[in-house]
Amino acid sequence: QVQLVESGGGLVQPGGSLRLSCAASGSAFSIYALGWYRQAPGKQRELVAGITSGGSTRYADSVKGRFTISRDNGRYTVYLQMNLLKPEDTAVYYCDAARALSELGFSPVGSWGQGTQVTVSS
């Protein structure tokens with residue numbers, strides 16, 4: 001398993017930016033797809049962004065043009081740059097690792113951390 005620890009959340013005003021980080025440990029990190037999910041109270045988890053081992057990306061429609069996912073295999077880290085934040089982005093954000101993008105959120109590869117809280121409020 002790949003152990004995952006999220007960080008970088010906090011309180012930000014609407015229109016502001018945050019950069020989330022997910023530090024991973026475990027073997028074969030570079031071969032996995034990586035992604036970010038978020039969960040707000042009373043709602044199901046939503047896949048925000050994913051990136052393949054080759055660098056191809058996917059984004060939820062709600063964040064396209066505002067969020068950017070990236071990975072640094074040398075640092076065993078995946079990032080989520082969040083710009084133009086909205087109150088609707090408020091949630092706990094989690095990362096995951098999988099053999100393919102389609103398996104994110106359901107993968108036995110990743111062992112999720114506690115997530116990091118993002119609160120967008122004026």
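Just so it is clear, none of the values below were taken in a lab; they were calculated from the coordinates. For clarity, every value in this text was computed on a predicted model and none was experimentally measured. A quick note on method: Cβ atoms are made from the backbone with ideal geometry, for glycine too, and the neighbour counts reach across all protein chains shown.
Summary table below
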quantity: Unit charges on C-beta of K, R, D, E only; dipole of segment 1-112, Debye; calculated: 120 debye
quantity: Selected from Gly74, Gly55, Gly110 as most flexible by GNM, with the chain as the system and alpha-carbon contacts under 10 Å; calculated: Gly74
quantity: Antiparallel content of DSSP bridges confined to segment 1-116, in %, to 5; calculated: 95 percent
